[in-house]
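J.: There's a structure below that I have some questions on.
Values in this text are rule-based calculations from the coordinates and carry no lab data. On a predicted model such as this, the values are computed, not experimentally measured, just so you know. Every residue, glycine among them, receives a Cβ derived from its backbone with ideal geometry; neighbour counts consider all protein chains shown.
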Amino acid sequence: MKNMKTIAACAYVACTFAGFGMNNAWALLPIQHWTQASGAQVWLVESPGIPMVDVQLSFDAGGRRDPVAQSGLASAVALMASKGVKAEGKQPALDENALGEAWADLGASFGASAGRDSFSYALRSLTVPDLLNRSVDLASRQMAQSSWPQDVWQRERARWTAGIQESNTRPGVVAGRSFGEKVYSGHPYGMRTTEQTLAQIQLPAMQALHARSFQACRAKVSVVGAVNRQQADTLVQQLLSRLPANDGKGCQSLPAVAEVPALQKAVEEKIPFQSAQAQVLIGQPGIQRKDPDFMALLVGNHILGGGGFVSRLMEEVREKRGLTYGVSSDFSPGLHAGAFVISLQTRPDQAEEALKVTREVLEKFVAEGPTEAELQAAKDNLIGGFALRVDSNAKLLGNVANIAWNDLPLDYLDHWTDRVQALTVNDIRAAVQRVLHPDRMVTVVLGEKSK
């Protein structure tokens, strides 16, 4: 039998070439879905081309559920998830160094991350049976039996605080924080971790979040790799085996989170700041991911400012007038209405002109929508690049996790290009006019100088 170091070397090679092994016939990889007795939901894509598996476990425990006074709590839990595990039976406790070495010896990886909506764990391992069993068992321990070392948290909090203090000297961070506060009007999406909120985060609060949020019945698990349904079902059961289970009785509902309030009027702020470039941000609350016009707005935004050098904003603000090196627009939909934002940097003495031109482009686009030529070019670009969205197991996992988290149809990927192709200029214009309101947007300009 291969020793663990040899297997780890194989894992490195497999990870290196994983991006080249995705089956081009992505439409022939159906998504399977089922619910386990614990209440955990599983989504699986069998991809046997490479002997490895990627798993993402998502829970409703993201930053939107952080207490206002402890903004950053979910991220703190994610940070501490890799800092050690408790002893169990004959298995010794592992500090952060021993835990890192254990994963290196397995040639696998496991980590945690906290977004604004969800908290996720991600596992990648070869499917060599002994290696996979060891990896899944260690991941299960790490999820359920964190050791929460106080001295490590004190160290990490000090580092984090220093990082926040340094970031407050960056013009982009200062402008973005002000923009978020005004666009979200007190909604959790606009909260930011500060030195003050970080000082309020203690280990008991992390442990309480962990206990109430990470239960088997709350898990949405996405699996992509060289495992069949039976193997995936067993793998997920093992991963969740140490978390509290409700034996099929269901989970107690979590408190509802209020929606992002709509802006009632335009809001403008000019922030004095000594910087070589002025920061300009324009935007408003956008859409939820479940919005029926999501696809129309995706394509419309590609034309307006999301398509790089071929977008209308780049053409008008950069190419014709030379007011910026780059300008872009973006929607960030989530469980709640994420922001729509146009962002650019320009010379401080050109900020007023750049802002004026940007507003004119936006207003015209909302009023008239795209041209037929712009829409066809956007369709060609998006459909032609679709294969790049699913050309590796890791990317495919991201798409499956998106389907799982947002309750999208299992055949969502199969019909993605058809839905883009079917959009008309009227569809784009109607969606943009419903959602975007140029007369009721937040504008933040940082570092502008008078001419």
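J.: Along the three principal axes, how long is region 267-446 when you take its alpha carbons, biggest first, rounded to the nearest angstrom?
T.: On the principal axes, region 267-446 reaches 51, 32, 31 Å in Cα extent.
J.: I would also like to ask the following. State, as an integer percentage, the relative contact order of the chain based on alpha-carbon contacts under 8 Å between residues 6 or more apart.
T.: Result for the chain is 22 percent.
J.: Still on this model: Which residue, chosen from Val77, Pro171, Leu254, occupies the Cα position most advanced towards the positive end of the dipole of the chain, where the dipole is computed from +1 (Lys, Arg) and -1 (Asp, Glu) charges on Cβ about the Cα centre?
T.: Val77
J.: By how many degrees, between 0 and 90 and to the nearest 10, does the Cα long axis of helix 171-184 differ from the longest principal axis of the chain?
T.: Between the helix axis and the principal axis of the chain, the angle is about 90 degrees.
J.: Let me ask another. For region 289-319, list residues with backbone N below 17 Å from a point placed 7 Å from the Cα of Arg434 toward its Cβ?
T.: Inside the label zone: 289-301.
J.: Looking at the P(r) of region 163-259, how many percent of alpha-carbon pairs lie beyond 23 Å?
T.: Of the Cα pairs, 54 percent sit more than 23 Å apart.
J.: Roughly how many nanometres apart are two label points built 7 Å out from the Cα toward the Cβ at Glu372 and Ala93?
T.: 7.2 nm
J.: Based solely on C-alpha atoms, express the radius of gyration and the Dmax of region 4-240 in angstrom.
T.: 19.4, 55
J.: Would you please state which residues of region 285-307 a label at Lys364 would reach in this model, taking the label point 7 Å out along Cα→Cβ and a backbone N cut-off of under 20 Å?
T.: Backbone N within reach: 300-307.
J.: A further question on this structure: Only helical DSSP H runs with n ≥ 4 go in: add -39500 (n - 2.57) per run for the chain, normalise by residue count and round the 222 nm mean residue ellipticity to 500 deg cm²/dmol. Provide the component values of the computation, followed by the final result.
T.: Numbers: 15 runs with 179 residues, N = 451.
Calculated mean residue ellipticity at 222 nm is -12500 deg cm²/dmol.
J.: What size of dipole, in debye to the nearest 20, comes out for the chain about its Cα centre when the only charges are +1 on Lys and Arg C-beta atoms and -1 on Asp and Glu C-beta atoms?
T.: Details: 45 positive and 45 negative charges, 160 e Å.
Value, rounded to 20: 760 debye.
J.: Scan around Gly62 for amide H atoms under 5 Å from its own, H built in the peptide plane at 1.01 Å from N, and keep only partners 5 or more places away or cross-chain.
T.: Correct list: Ser118, Phe119.
J.: Another one. How big is the shadow of the Cα convex hull of the chain, averaged over all directions, in nm²?
T.: Working: hull surface 92.1 nm².
In nm², the orientation-averaged hull projection of the chain is 23.0.
J.: Moving on. Select from Leu304, Ala61, Ser392 the residue farthest towards the positive end of the dipole of the chain; place +1 on Cβ of Lys and Arg, -1 on Cβ of Asp and Glu, and compute about the Cα centre.
T.: Result: Ala61.
J.: Measure nothing fancy, just the Cα-based angle from helix 4-17's long axis to the longest principal axis of the chain, in degrees from 0 to 90, nearest 10.
T.: Once rounded, one gets 30 degrees.
J.: I want to check the label-to-label distance for Thr417 and Gln274. Put each point 7 Å from Cα in the C-beta direction and report it in nm to one decimal.
T.: Going from the Thr417 label point to the Gln274 one covers 5.5 nm.
J.: Using only the alpha carbons of region 217-285, determine the length spanned along each of the three principal axes and report them from longest to shortest in whole angstroms.
T.: 59, 32, 20
J.: Another one. Based only on other Cβ atoms within 10 Å, what is the fewest-to-most ordering of Cys217, Cys251? Walk me through the intermediate numbers first.
T.: Numbers: Cys217 22, Cys251 17.
If I rank by nearby Cβ atoms, fewest first, I get Cys251, Cys217.
J.: What dipole magnitude, in Debye to the nearest 20, does region 4-240 give about its Cα centre under +1 on Lys/Arg Cβ and -1 on Asp/Glu Cβ?
T.: Working: 21 positive and 18 negative charges, 95 e Å.
Computed charge dipole of region 4-240: roughly 460 debye.
J.: When each pair of different Cα atoms in region 322-415 is counted once in the 1/r mean, what is the Kirkwood radius in angstroms, to one decimal? Walk me through the numbers on the way to the answer.
T.: On the way: mean 1/r = 0.0600 Å⁻¹.
With all distinct Cα pairs of region 322-415 included, I get 16.7 Å.
J.: If we count other beta carbons within 10 Å of each Cβ, what is the order of Arg212, Arg312, fewest first? Spell out each step's value before the answer.
T.: Working: Arg212 15, Arg312 20.
Going from least to most buried by this count: Arg212, Arg312.
J.: What nm value, rounded to one decimal, do you get for the distance between Ala69 and Phe309 when each label is placed 7 Å out toward the C-beta?
T.: Each label point is offset 7 Å from its Cα along the Cβ direction, giving 5.3 nm.
J.: Averaging sequence separations of C-alpha pairs under 8 Å and six or more residues apart, then dividing by the length of region 4-240, give the relative contact order as a whole percent. Intermediate results must be reported in sequence, preceding the final value.
T.: On the way: 376 pairs, mean separation 81.0, N = 237.
Relative contact order of region 4-240: 34 percent.
J.: For a quick check: sort Ile428, Ile403 by the number of other beta carbons within 10 angstrom, fewest at the front. Mind dumping the intermediate values first?
T.: Numbers: Ile428 27, Ile403 21.
Going from least to most buried by this count: Ile403, Ile428.
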